[in-house]
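A.B. asks: Take a look at this one; I'll ask things after.
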Amino acid sequence: MKRLSYDLASVCRKRFSPEMDFVLGKVSQSQLAALLQEATASFSYRNDLDGTNENNENRVSLYACLYNVEDIQDGAYHYDSTTHSLRQIQPGDHRLLLQYGMSLDIMNFQQVPICIHVVGERDHSKTQLGYRGYRIQQMEAGMLVQKLLLASSALGMNGHPLLGFDVNMCDELYKMDGPQRKTSLIQIPIGHYLNRPWLKGSLHS
Ligand SMILES: Cc1cc2nc3c(=O)[nH]c(=O)nc-3n(C[C@H](O)[C@H](O)[C@H](O)COP(=O)(O)O)c2cc1C
């Protein structure tokens with residue numbers, strides 16, 4: 001996959017959280033591949049934790065529930081950014097489960113083909129770094145969310161970040177019961193959308 005190239009200003013102008021305005025449209029395998037690759041590739045940054053090793057895939061990673069994506073079986077997946085591949089964890093259409101997991105019914109998951117979870121570790125760097133470890137993980141999850149939202153918009157879709165979701169249910173869905181104590185930090189449904197019936201004016205008339 002080649003990296004996406006897009007105009008930041010126009011992508012930012014198109015970006016908004018669609019809420020009830022998601023509409024189920026066709027998502028191709030290459031669109032999904034570009035989304036996942038662009039978000040993880042653009043995420044990498046210099047810091048004192050990686051040292052010379054730029055590979056920070058272990059601190060935050062991407063999991064996703066997919067529905068009706070071209071040539072990909074519906075199911076829950078882990079995205080491996082080093083090999084740029086998806087590993088299936090649980091096949092099936094999980095949209096209803098995601099709907100039940102919402103604390104407020106502000107979205108209709110039936111209209112959403114991609115629901116990404118940014119995942120971290122419960123005890124991330126706590127022993128070595130204490131609260132700093134926790135803050136780093138929160139910051140990196142936020143950075144990855146930002147990259148996902150921009151990449152979605154660049155691909156003609158949009159995402160709606162959500163913290164009001166059932167974390168334990170998602171962790172079970174992705175079978176995160178291993179010794180790494182992974183957990184879902186934030187949920188981002190992504191898909192096509194209808195334009196809001198709003199009037200917009202420019203500040204630069
Ligand atoms: C970290 C984060 C958590 C959010 N959690 C929720 C949520 O639980 N429920 C919700 O309806 N919106 C949630 N949102 C979406 C915001 O309501 C929305 O992004 C905000 O209204 C700004 O609108 P915009 O994304 O269209 O610019 C969240 C946004 C962020 C950045």
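A.B. asks: How much mean residue ellipticity at 222 nm does the chain get from its helices, if each DSSP H run of length 4 or more adds -39500 (n - 2.57) and you divide by all residues, to the nearest 500 deg cm²/dmol?
C.D. replies: -9000 deg cm²/dmol
A.B. asks: If neighbour count is taken as other Cβ atoms inside 10 Å, put SER5, SER81 in order from fewest to most.
C.D. replies: Ordered from fewest to most neighbouring Cβ atoms within 10 Å, SER5, SER81 come out as SER5, SER81.
A.B. asks: From the phi of every residue in region 59-64, what ³J(HN,Hα) in whole Hz does the Karplus formula 6.51 cos²θ - 1.76 cosθ + 1.60 yield, where θ is phi - 60° and glycine or proline is x?
C.D. replies: Going residue by residue, I get 7, 9, 9, 10, 10, 8 Hz, with x marking Gly and Pro.
A.B. asks: Distance from a point 7 Å along Cα→Cβ of VAL23 to each backbone N in region 164-205: keep the residues under 14 Å and list them by number.
C.D. replies: Only 191-198 pass the distance filter.
A.B. asks: Region 158-205: which chymotrypsin sites (Phe, Trp or Tyr not before Pro) are DSSP loop and have at most 11 other beta-carbon atoms within 10 angstrom?
C.D. replies: The qualifying sites are TRP198.
A.B. asks: I'd like the Karplus ³J(HN,Hα) series for region 167-174: coefficients 6.51, -1.76, 1.60, θ = phi - 60°, whole numbers in Hz, and an x wherever there's a Gly or Pro.
C.D. replies: 5, 4, 5, 5, 4, 5, 4, 8
A.B. asks: Apply the Karplus curve 6.51 cos²θ - 1.76 cosθ + 1.60, θ = phi - 60°, to the phi angles in region 67-83 and return the couplings in whole Hz, x for Gly and Pro.
C.D. replies: 9, 6, 8, 3, 6, 10, 5, 4, x, 9, 9, 10, 9, 9, 6, 6, 9
A.B. asks: Highest GNM mean-square fluctuation, the chain, Cα pairs closer than 10 Å: which of ILE188, ILE106, ILE72?
C.D. replies: ILE106
A.B. asks: Also: Grab region 16-191 and count how many Lys pairs have their alpha-carbon atoms under 23 Å apart, sequence gap of 8 or more, or different chains.
C.D. replies: Pairs that pass both the separation and distance tests number 4.
A.B. asks: To one decimal place, what orientation-averaged projected area in nm² is obtained for the convex hull of the Cα set of region 16-191?
C.D. replies: So the mean shadow area of the Cα hull is 9.7 nm².
A.B. asks: Test of the criteria: in region 10-52, which chymotrypsin sites (Phe, Trp or Tyr not before Pro) are in a DSSP loop and have at most 10 other Cβ atoms within 10 angstrom of their Cβ?
C.D. replies: Answer by residue number: TYR45.
A.B. asks: Write out the trypsin sites (Lys or Arg not before Pro) in region 126-205 meeting two conditions: DSSP loop, and at most 12 other Cβ atoms within 10 Å of their Cβ.
C.D. replies: The qualifying sites are LYS175, LYS200.
A.B. asks: For ARG122 and ARG13, what does the FRET efficiency come to when R0 = 25 Å and r is the distance between their Cβ atoms, rounded to the nearest 0.05?
C.D. replies: 0.10
A.B. asks: From the gyration tensor of the Cα coordinates in region 94-149, what semi-axes in whole Å does the equivalent ellipsoid have, largest first, with each one equal to sqrt(5λ)?
C.D. replies: 29, 13, 9
A.B. asks: Here is a further query. Mind checking the dipole of region 16-191: about its Cα centre, +1 per Lys or Arg Cβ, -1 per Asp or Glu Cβ, Debye to the nearest 20?
C.D. replies: 380
A.B. asks: Using a Gaussian network model of the chain whose springs link C-alpha atoms within less than 10 Å, name the residue from SER17, SER152, SER103 with the highest mean-square fluctuation.
C.D. replies: With Cα springs under 10 Å in the chain, the top fluctuation among SER17, SER152, SER103 is at SER103.
Read-outs throughout are calculated quantities, based only on the coordinates presented, and are distinct from any laboratory measurement. Computed from a predicted structure; not experimentally measured. Glycine gets a Cβ as well: all are built from the backbone with ideal geometry, and neighbour counts include every protein chain shown.
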